[in-house]
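The values are calculated or read from the model by the stated rules, or taken from the named source; none is laboratory data. These figures come from a predicted structure and were not determined experimentally. Every residue, glycine among them, receives a Cβ derived from its backbone with ideal geometry; neighbour counts consider all protein chains shown. SASA here: full protein model, heavy atoms, side chains in, ligands and nucleic acids out. Shrake-Rupley method; radii C 1.70, N 1.55, O 1.52, S 1.80 Å.
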Amino acid sequence: MKRYLPWLTAFFSLTFVFAPLVTEPFTGYEEGQIPVFMDQPPIQPAGYAFSIWGVIYTWLIVSAVYGLWKRRDDYQWQLVRGPLALSLALGTLWLAIANATVIWATVVILVMAGVTVLALLRSPDKDFWWLKVPLGLYAGWLTAASFVSLAIAVAGYGILSYQAASILFLAIAMSAAILVQMMPPSGPAYGIAVIWALVGIIVQNGADNWIMSALAGIGIVLLLSRLARRAFT
């Protein structure tokens with residue numbers, strides 16, 4: 001099985017990247033998918049922030065091609081490929097799932113985030129730009145996106161208000177991100193992707209929802225301090 005992992009990773013990288021071209025567009029959960037609907041939940045970043053997917057898609061393809069070409073039998077790359085291939089395979093289906101059901105979309109993206117973080121923490125320091133950076137951006141954005149989906153699911157089914165769910169899961173997401181960032185194998189790209197999402201939350205909420213903006217700002221400061229500490233030690 002291991003000898004097929006480089007090919008599977010490359011294959012699922014392609015299916016993941018091209019899935020939006022063959023799947024009905026997903027621009028957020030829609031009214032009718034959940035009992036309590038809110039067009040722009042406080043925890044959801046401003047629309048421009050999702051442009052990070054262009055960078056992630058491109059870098060994942062480059063990484064997969066490089067790995068297939070130069071690191072096909074590399075033991076350290078092989079440790080990464082299993083969980084990464086699983087995440088990409090699930091990600092290929094995620095748009096279709098999200099258009100159908102909030103609950104299962106949330107479950108799937110949480111699994112994607114978990115296995116991608118695992119892949120990141122297994123990644124070697126060598127081939128920093130070829131492997132760790134694209135993995136870090138992907139894992140960081142998935143960390144943010146999974147808690148956004150979780151908050152929407154909880155609020156959408158009336159368990160908490162959108163404001164309460166957004167505050168709760170933003171705090172949990174930040175805690176999880178800081179914990180991952182404290183682990184040396186995570187690299188800086190992970191924190192940068194989470195910071196990008198937090199900036200998008202501030203732009204979305206502004207002074208109208210200062211609690212969310214302030215909480216996101218605290219997360220940015222904490223993550224930047226972790227990144228700076230690692231850079232100067």
Q: Starting from the Cα of Glu31, step 7 Å toward the Cβ, then list every residue of the range 135-166 with an amide N under 18 Å from that point.
A: 156-158, 162
Q: Can you tell me which of 27-39, 218-230 comes out highest on packing, and rank the rest after it, using the mean Cβ neighbours within 10 Å?
A: 218-230, 27-39
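Find the relative contact order for the chain and round it to a whole percent, using C-alpha pairs within less than 8 Å whose residues are 6+ positions apart.
25 percent
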Q.
Quick check: pseudo-label points 7 Å beyond the Cα along Cα→Cβ at Ala46 and Ala19, how many nm apart are they?
A. 2.8 nm
Q: Using a 1.4 angstrom probe on heavy atoms only, work out the carbon and sulfur share of the accessible area of the range 25-93 in %.
A: 62 percent
Q: Keeping the other protein chains in place, figure out the carbon and sulfur percent of the accessible area of the range 105-233, with a 1.4 Å probe.
A: 77 percent
Q. Quick one: accessible area per residue over the chain, 1.4 Å probe, rounded to a whole number of Å²?
A. 48 Å²
(Q) Please list, in order along the range 37-42, the HN-Hα scalar couplings obtained from phi with the Karplus expression 6.51 cos²θ - 1.76 cosθ + 1.60 (θ = phi - 60°), rounded to whole Hz, x for Gly and Pro. (A) 9, 9, 5, 9, x, x
Q) Can you pull the three principal axis extents for the Cα set of the range 23-110, in Å, largest first? A) 50, 26, 23
